[in-house]
Structure formats: C-alpha cells, structure tokens
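*Asks:* Structure incoming, see below.
The values are calculated or read from the model by the stated rules, or taken from the named source; none is laboratory data. Only a predicted model underlies this, so the values are computations on that prediction, with no experimental measurement involved. Glycine also receives a Cβ, built like all others from the backbone with ideal geometry; neighbour counts cover every protein chain displayed. Each accessible area value is taken on the protein alone, full model and side chains, heavy atoms only, with ligands, DNA and RNA left out. Shrake-Rupley method; radii C 1.70, N 1.55, O 1.52, S 1.80 Å.
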Amino acid sequence: ISSASPAVPDSRRQLAMAEVLPYANPPKICCLGAGYVGGPTMTVLAQMCPDIKVTVCDLNARRIAAWNSSNLPIYEPGLQEVVEGARGRNLFFSTDIEAAIRECTIIFVSVPTPTKKSGIGAGEAADLTYWELAARQIAAVCNATEDHMPKIIVEKSTVPVKTADAMAAVMAAACTGTNFQVLSNPEFLAEGTAIEDLLRPDRVLVGGPQLAQGLAAIECLANVYRRWVPHDRVLTTNLWSAELTKLAANAFLAQRISSINSISALCEATGANVNEVAHAIGVDSRIGSKFLKASVGFGGSCFQKDILNLVYLCRSFGLPEVAEYWHQVIVMNDYQKRRFANVMVSSMFNTVSGKRIAVLGFAFKKDTGDTRESPAIDVCRALLEERAKLAIHDPKVSREQYYEDLGKEAMEQVEIDDDPYVACAGAHAIAVITEWDSFKTLDYQKIFNSMSKPAFVFDGRSLLDHKALQDIGFTVWAVGKDMKKVHA
C-alpha cells in the first residue's frame, strides 16, 4: 500500500496521466443513499470543502425531508451542528436523483447491502439488488446526457470482493459514450463517534483500476480527502485490496470482542475478573486495549453482516477451514447473547413468566439510536418467549423502531418508557444492555425501593458499581465476574 499513489514508475505515471480524460476541478459530488454512512460522510465532506457542491439523494422523501429539517433522521453527536453549518451553502438533500447524477463528476453509492434471506448464499452472502439498480440508473442517466463528461462511481457501501468488477460490467453493457471508473472507498466509521472519525480518520482508503484512467480517478478522489486529511493517511490500493480490507477490518474487531467474551464465561466459572484480565492483556503493546471490553455481545449493521460475507467468500473460493474460523466469531457472539438471557432466567428461580423486567438500553451501543443487530433484540425475544413482561427505556430509540424489531404481536408484552424510573418501578429485575452513561448516575436506592423483592440487576456491560448495588440490597450478576467475590 502506498500513502500517495500506486507503485508505478514516475515516467510511466506521467505518461498515463497525460493520456487520460480530465476530471472537473473542483468536482461536484453526489451520494445515492442518505443513511448512516452517506449522510454523515457527505455532510463532513461539504463542511471541509466549501467550494465543492455536495448533494445527498434518496428515494425516501420522508428521510430527505428530515435531513432538511431540525429533526435529523439519525442521531450522531455533532451531526446536527455540521449539517446546519453547510446545508443550503454547498450541502443539499434531494429526491431528484437523476439531476444529481447528471451534474456530478463523483457519484458515491451508499445503498443497503443486507445479508441475503433466500436463494444462493442465503444467510451469508450480501444482497446486491440495490447496488445493481443504482448502477443501471446511473447508466440510464449517462446515456441520456449529451456532454458525456467522465464519471467516477465510488463504492461506499460494504460489498464483497470484486463487486466493483460486477458494477463495471453492468455499466459497460448499459452505458455508451460515457467514460466511467468504479472505485472502492470503504468507510471505517464507528457510530457514536462518526463525525470525529470523519474529521480525523486513522486512514482513508481509495482503491481503483491500475490503468491510466483508473489512476487518474483515484487521484481525483484522493485529492478531495487530502484537503483535510494528512497525505500519509490517504492510502491507495487496487480495487480488490480495498474491498477486502473493509471486511477484514470488521472481522478483526469483532473477533476481539468475541475473544474477550469467551474469556468472560471462563472468568465467571473460575472467579477471575474479566476487566482485570482484559486490562492486563491490553497493556501489552502487541495487543492493545481497544475492543477488549466484555459485554452481552456485539451488534450494529456491519460486524455480523461483514463476517458472514467473508465466510461466504471463503467458501466460494474453496477455503472451508478459513470460513469456519471466521464463522466461530458469530457463533461465540450468539452464545454470549443466549447465555445472558439464560442466566437471567436461571437466577430468577428458573421462571420469568409474568414478571416485569426493566431493560435499560436497546440501541446496539451508546450515543446512537441504531438498533440493527442489537443484542437487546435477541435478549428481549428470549425473555418474551419465556413470557416475561418487558419495560424498555432507551434515550434515543424511537417507538416505531421497537415495533419493527420485536414485531407488533410481541409489543403486547412490552411497555416503552421515556423515564427509566418508570421502567424500573415494580420490576423484578433490571437488564443493562446498552452502556449509556446516564445509567451510571441513576438513583439506584430509589429504584430498589420501587422494585419487587428480591430485586435483581443483570449488568451486560459491567457499567455499574456492583458493590454499591449489593450494599443497597440488589442481587447482582455482571458479565465476566464471580459476584460472590465482589465483597471479598
């Protein structure tokens, strides 16, 4: 990997650059898809490049209306301020996708790529339906445009290796007269810190074809990022390396979480403290401390989807042992979520039927309202199957999202509370699923007084002061701890 350009001799590179079609400078940019990736990415790009017109497009008129309002469709710390600073100046949100494609040089595609639910690769492979539709729409607009200026199409969604080849094939067959280059520019954002990640990224990766026009396209996009990102952090690769890097990066991060979660089960059995073990491991400079926090399990839109995609790729290329290795990361995550629910039931005298359980947190992590693949969904479903009555509180999750995630029928056993004290009142147990900072400062003496006895706390994030809770009178279980030793 080179920090500035692919490893090509200077003379060859200069010749190549002299032969290519020039790109507009500054380029106009649009993004197809106004979700968790496209919206924040384009917003920061517009803020940092005030002379570049940036248009975010989506077919969902309601979502676009929200982006044009004071009530954005997603929650991300700092996002509202950045949007308001650039919107109407050089940042626009629109449902007119054709107009945006027509006028823009760089077209980001940030559409959903969910795991397939049926057909070949069901349960593992990525569903590229929206990707292909986007490619065909871009081709149709280019065919109807007279100027035929060269276009750069950028993969921003997480996609399988060689997806760019597939898109290029669709474009080549459907688009005549317009030169286009397909690049991979994977996102490495963490929800809750996305704005900071975009402003000060560890790296920006741009992969593209290693021929003359492809190299020019890579430089065009890389130079946009170089306006605020240090040059040595803007990495360029070939297409396939860029596509695989995204899958591999998420697989490695998820692997660390599953690894420490597997140790948490052993800690509970032996009397070790997983937080102490994680700290002692993390101070080793070869390992580091990040993503070694034991929990009820990982969630979010990327980790599970990307690992399953990686597993499918490995199997497709005849690498069953590699596929099984990475699949175990998912197996361990599912085990951790199931184990948490099972511990709750067994601790509460092997039945939670008819019992009120307060669930604190439903988003997959703090500082976001995103519930995709949240461990809270699996835990709540398991408790509902045991006929528990749930009272759920999360500071950012919308009421409609609970219905979507748990199903309308299940909601007959669910109460949604804006006030955590109301959720806990009368409950037999509290399950801490999301690590919201506000949960640490609740008045647990007040909560204890309002609960049925014995009152249980199941801390799936090791977030709370467990000794203080036991002193109040709670029966406490925490991931990775033998709670009988807390007082020792």
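Okay, residues lined up against (1) part of a helix (DSSP H, G or I); (2) open to solvent by 50 Å² or more (accessible area, probe 1.4 Å); (3) of a type in the set (A, V, I, L, M, F, W, C):
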| site | (1), (2), (3) |
| --- | --- |
| Asn71 | no, yes, no |
| Tyr75 | no, yes, no |
| Glu84 | yes, yes, no |
| Phe93 | no, no, yes |
| Glu98 | yes, yes, no |
| Ile101 | yes, no, yes |
| Ile107 | no, no, yes |
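*Asks:* Looking at the range 45-58, I want the residues that are in a helix (DSSP H, G or I) and have a partner that is among the aromatic types (Phe, Trp, Tyr) and surrounded by fewer than 24 Cβ atoms within 10 Å (Cβ to Cβ) with Cβ atoms under 7 Å, at least 6 apart or on another chain. Which pairs are those?
*Replies:* Met48/Trp228
*Asks:* Another question about this same structure. Kindly provide the set of residues from the range 59-69 that are among the aliphatic types (A, V, I, L, M), assigned to a helix (DSSP H, G or I) and in contact (Cβ under 8 Å) with a residue 24 or more places away in the chain, ordered by number.
*Replies:* Ala61, Ile64
*Asks:* To continue, here is another question. Test each condition in (1) in a strand (DSSP E or B); (2) closer than 22 Å to Met149 by Cβ; (3) not basic (Lys, Arg) for Leu221 and report the one that comes out false.
*Replies:* Result: Leu221 passes all but (1).
*Asks:* All but one of (1) surrounded by fewer than 17 Cβ atoms within 10 Å (Cβ to Cβ); (2) part of a loop (DSSP other than H, G, I, E, B); (3) among the small types (Gly, Ala, Ser) hold for Ala294; state the number of the condition that does not hold.
*Replies:* Unmet condition: (1).
*Asks:* Look at Tyr402 and say whether it is over 29 Å from Thr115 (Cα atoms), hydroxyl-bearing (Ser, Thr, Tyr) and either open to solvent by 60 Å² or more (accessible area, probe 1.4 Å) or in contact (Cβ under 8 Å) with a residue 24 or more places away in the chain (or both). Walk me through how you get there before you give the answer.
*Replies:* Numbers: over 29 Å from Thr115 (Cα atoms): no; hydroxyl-bearing (Ser, Thr, Tyr): yes; either open to solvent by 60 Å² or more (accessible area, probe 1.4 Å) or in contact (Cβ under 8 Å) with a residue 24 or more places away in the chain (or both): yes.
No; evaluated as a whole, the condition is false for this residue.
*Asks:* Could you tell me which residue of the range 409-451 is least open to solvent (accessible area, probe 1.4 Å), considering only residues that are under 27 Å from the mean Cα position of the chain (by Cα) and among the polar types (S, T, N, Q)?
*Replies:* The selected residue is Thr434.
*Asks:* Would the range 225-243 turn up any residue that is open to solvent by less than 30 Å² (accessible area, probe 1.4 Å), part of a helix (DSSP H, G or I) and either at pLDDT 95 or above or closer than 30 Å to Lys396 by Cβ (or both)?
*Replies:* The answer is yes; a qualifying residue exists.
*Asks:* Separate question: Could you give me the residue pairs with C-beta distances under 6 Å whose first residue belongs to the range 449-466 and is more than 12 Å from Lys481 (Cα to Cα), whose second residue is part of a loop (DSSP other than H, G, I, E, B) wherever it lies, and which are 6+ apart or on separate chains?
*Replies:* Pairs found: Ser450/Ala425; Met451/Ala427; Ser452/His428; Ala455/Phe474; Val457/Phe474; Leu463/Glu435.
*Asks:* Looking for something touching a residue at least 60 places away in the same chain (Cβ under 8 Å) and open to solvent by less than 20 Å² (accessible area, probe 1.4 Å) - is there at least one such residue anywhere in the range 468-478?
*Replies:* No, the conditions are met nowhere in the range 468-478.
*Asks:* Something else: Which of the residues that make up the range 362-383 are surrounded by fewer than 22 Cβ atoms within 10 Å (Cβ to Cβ) and aliphatic (A, V, I, L, M)?
*Replies:* Ile377, Ala382
*Asks:* How do the strands (runs of 3 or more DSSP E) wholly within the range 115-215 filter down when requiring 3 or more residues that are open to solvent by less than 50 Å² (accessible area, probe 1.4 Å) and farther than 20 Å from Ser241 by Cα: which remain?
*Replies:* On the way: elements: 151-155, 180-184, 204-208.
The strands (runs of 3 or more DSSP E) meeting that bar number zero.
*Asks:* Would you confirm whether or not the range 308-320 contains a residue that is under 22 Å from the mean Cα position of the chain (by Cα), open to solvent by 50 Å² or more (accessible area, probe 1.4 Å) and not polar (S, T, N, Q)?
*Replies:* Scanning the range 308-320, I find at least one residue that is under 22 Å from the mean Cα position of the chain (by Cα), open to solvent by 50 Å² or more (accessible area, probe 1.4 Å) and not polar (S, T, N, Q), so the answer is yes.
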